[in-house]
């Protein structure tokens, strides 16, 4: 080991660790005083109790749930780490392992084909030996348009990939490159001439793709997305010319789907790619990308290999996760589309605890971690019971297996016949696919559950956050799509939290307590937040409306407890925003969208998971619409909410605002007009009045959309009227039950 050279480094952020732990201790002390204050109420003599027990109990439960969520969240604050890699220390190209790249697309109507093909082309242009890259595109729609677009993209890549390698382009995505100012060899006339030719070829490519898509939309006989046979095609096998510069192979895979059978969403598509790729290339490492996540830095593969080629970590690392970053984020980011807290704060702490979970896209994963490693002496029947009846696939599981690459027409035909069997919808019957091997099927969030299972088995993961984003995607820029996306995520997380696979029940086989808490916080956070925030949004307000105090008087020393907790919470969140390089308005926007999600996405997602658990409703998956609307984008960039969303998302927001407004105005009226001793009323009800005022001010955008704005993106009158009915009902019922 004397000649051992480190290919990566890991270092903790000492200042953040000290601040986080100090804050956790002080905040916990304040919360303990709060708990003591609430509990002391129940031990008073009955004659001294002037406040109804039910509202006091409900707000206390809300506070406990919020405290539990905060306590679990301290796991990712305990030891945040940051990593550095040294790709220049990797062995030569001939010693680098091969990589299969999986790109998933599901609906050509919601995922623009030009954008998808840019992702494909950028993946083919990674800075890695081309003969060791194999790109597989999973098309769950079985669309002929996607296949035709891929053939056009491959023809363009024959020129684009050599161009990128020749001039060392940092931006490998043609759409981004030609719309940016990156010129590379500015003084080279040869470069400028070639660049102009490439730009012309790219414009032709876009025109052809758009023409194909238009024909697809006009064709009434297009494939049924839920009912079609498997199609597998190796794009470059039909190209007979010998290219001077090799480029990666490109494979189109559309698995068989039948409306009468479960297809297990994205996890099912990834498992088909695992089997099909095993018979064609069987690379030991896999890069998984969403169709809109293009490669922004061609060095990501080499950065990941710094862990897989390092003898100290190669045997223990299951996957290397890169953050999701987006190129269309505005300065205000009113919907928190960048997921700032997750990828700039939370995942660093997750990494320090034992490694982050899989985040859906932008990760390199070891095939062995998903399938296991087997010797030639392994029992064949046992393998078939787990992996299915295909002898050709079983062969790929052996450690020293070398795939039979496509050499001629006959071998290609036979290989693709075998691959089509592996892509059939019945292949996984009576096997352990999705339950013990491959990507797991338990919920629509296959990434979280698969990552959790790998960590329980003892695998590790790392989180790499380089200065230059390795992958760039397109974020949702309207309220409706953002809400649908979050509802889907929450449904998947909550389904884990209320199942036997809940991290609290399932175990930590080979996980630390802090690592377990990280997983538990991610799974339970939506349910805990939605229950507690609904309590804070309604209970104090209903009591305020009826003159019932739930918080101490300002003159009472116990009032300081609530003040300290409130200031502590907002100060810590502001500190985290500032340390990640963002501005004050990002902090205010995050607070607002967090409250919005708690009463909409977190509520509906949790309810969806509970109904699914009870068998009342089946799990569903709606792909996020990546088609951009110029008007919606303009509103997003201006920091103006677009309320053209389903009433189910708008009604809870407006209802909460109306209840808080009624309670606040009623309290002010009582203090100024009705009450003979206004100072005492202010003193007694200040805590609840401040809470209502804070909610109203923080959500001014909703009030503006409801009352002031008259544009098409304002809150519809119908949603407001329904909310008025709901709020009146809540105020009446609250007055009867709580008082």
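In this simple spin-label approximation, residue 211 and residue 166 carry label points 7 Å from Cα along the Cα→Cβ vector, and these lie 2.6 nm apart.
Each residue, residue 179 and residue 697, gets one label point 7 Å from its Cα in the Cβ direction; the gap between the two is 3.9 nm.
Direction-averaged shadow area of the convex hull around the Cα atoms of region 245-369, nm²? Reported value for the Cα convex hull: 11.1 nm².
Dividing the convex hull volume of the alpha-carbon atoms in the chain by its residue count gives 191 Å³ per residue. Once the chain from residue 203 to residue 82 is taken as fully extended at 0.36 nm per residue, the excess over their C-alpha distance is 39.5 nm. Put in order of Cβ neighbour count within 10 Å, fewest first, the listed residues 736, 288 become 736, 288. Highest average first, the peptides 65-73, 141-149 ordered by how many other beta carbon atoms sit within 10 Å of their residues are 141-149, 65-73. Taking a ≥ b ≥ c as the square roots of the eigenvalues of the alpha-carbon gyration tensor, region 87-478 is classed rounded because a/c is under 1.5.
Take every pair of alpha-carbon atoms less than 8 Å apart whose residues are at least six positions apart; their mean separation over the length of region 87-478 yields a relative contact order of 24 percent. Here 275, 709, 456, 413 are placed in order of increasing Cβ neighbour count within 10 Å, fewest first, which gives 413, 709, 456, 275. Please say if region 426-466 is rounded, prolate or oblate, where rounded means a/c under 1.5 for a ≥ b ≥ c the square roots of the C-alpha gyration tensor eigenvalues, and otherwise the choice is prolate for a/b larger than b/c and oblate otherwise? Because a/c hits 1.5 or more and a/b exceeds b/c, region 426-466 counts as prolate. Once C-alpha pairs closer than 8 Å and six or more residues apart are averaged by separation and normalised to the residue number of region 423-512, the relative contact order reads 34 percent.
For the chain, the mean residue ellipticity at 222 nm estimated from helices alone is -17000 deg cm²/dmol, where every DSSP H run of n ≥ 4 contributes -39500 (n - 2.57) and the total is divided by all residues, rounded to the nearest 500.
Radius of gyration (Cα atoms) of region 296-390, expressed as a multiple of 2.2 N^0.38 Å: 1.47.
For the chain, the share of DSSP beta bridges that are antiparallel, to the nearest 5, is 45%. Evaluated on region 347-400, the Kirkwood hydrodynamic radius is 13.5 Å, with distances taken between all distinct Cα atoms.
Panel order for 177, 202, 700, by other beta carbons found within 10 Å of each beta carbon, from fewest to most: 700, 202, 177. Taking every alpha-carbon pair under 8 Å whose residues sit at least 6 apart, the chain reaches a relative contact order of 18 percent. Highest average first, the peptides 579-589, 681-691 ordered by how many other beta carbon atoms sit within 10 Å of their residues are 681-691, 579-589. Given axes a ≥ b ≥ c from the Cα gyration tensor, I'd like to know whether region 507-647 is rounded (a/c under 1.5), prolate (a/b larger than b/c) or oblate. Rounded, since a/c falls under 1.5. Averaging 1/r across all pairs of distinct Cα atoms in region 496-737 and inverting the result yields a Kirkwood radius of 20.6 Å.
No lab work stands behind these numbers, since they all come straight from the coordinates. As the structure is a prediction and not an experimental result, all values here were calculated from the model. In this analysis, Cβ positions are derived from the backbone assuming ideal geometry, glycine residues included, and neighbour counts consider all displayed protein chains.
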